[in-house]
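This report concerns only the one structure given below.
The values are calculated or read from the model by the stated rules, or taken from the named source; none is laboratory data. Not measured: the values here are computed from a predicted model. Here the Cβ is made from the backbone with ideal geometry for all residues, glycine too, and neighbour counts use every protein chain on show.
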Amino acid sequence: MHFKLIVAFVQDDKTDRVMKAAREAGATGATVINHARGEGLKVSKTFFGLTLETQRDVLLFLVEEHLSREILETIAAAGKFEEDPGSGIAIQIDVEDAVGVTQQVATLCPLVEEEL
């Protein structure tokens, strides 16, 4: 079984919605890194040196490769990444190897059995 790592940078008020959507699309869990900061095309506004931007969360999903595209698109729709500029982005990266995923493999095998 092969995995992809989906990394999503999400406005913190959309984290729960994106997590729920990803799980419904087949993600078996995630790691959340809170209070990330970043900058896009437009430089963030400041007020007396304080940034007036919303906080971001970084969501890490280790997903089975056959489910990854659907999960990625579901994350983008739930976070409204295309509709609301600056609301977030998501990428997927090939994972060469993974350990500690025995429970996930047991859960995912019936779902992707015909693809393997």
- [ ] Would you mind finding the one in Gly26, Gly38, Gly88, Gly49 that is at pLDDT below 85 and within 17 Å of the chain's Cα centre (by Cα)?
- [x] Gly38
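If we scan the range 84-93, do we find a residue that is hydroxyl-bearing (Ser, Thr, Tyr), out of contact with any Lys or Arg (no Cβ under 9 Å at 6 or more places or on another chain) and in contact (Cβ under 8 Å) with a residue 12 or more places away in the chain? If you could, list the steps in order and put the result at the bottom.
If we filter the range 84-93 for residues that are hydroxyl-bearing (Ser, Thr, Tyr), which is where we start, we get 87.
Imposing the further condition that a residue be out of contact with any Lys or Arg (no Cβ under 9 Å at 6 or more places or on another chain) reduces the set to none.
No.
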Task: Qualifying positions in the range 91-114 - modelled with pLDDT of 90 or more and of a type in the set (A, V, I, L, M) - done: Ile91, Ile93, Val95
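Taking the options Val99, Val63, name whichever one is more than 20 Å from Asp12 (Cβ to Cβ) and surrounded by 11 or more Cβ atoms within 10 Å (Cβ to Cβ). Spell out how you get there, then give the answer.
Numbers: Val99 fails: surrounded by 11 or more Cβ atoms within 10 Å (Cβ to Cβ).
Going through Val99, Val63 in turn, the sole match is Val63.
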TODO: Tell me which of these Ala76 doesn't satisfy, since it passes every other one: (1) touching a Leu at 6+ places or on another chain (Cβ under 8 Å); (2) surrounded by 19 or more Cβ atoms within 10 Å (Cβ to Cβ); (3) not acidic (Asp, Glu).
DONE: (1)
TODO: Scan the range 46-75 and report the pairs whose first residue is over 12 Å from Met19 (Cβ atoms) and of a type outside the set (Lys, Arg) and whose second residue is at pLDDT 95 or above and assigned to a helix (DSSP H, G or I), with Cβ atoms within less than 6 Å and a gap of 6+ or a chain change.
DONE: Val63/Ile71
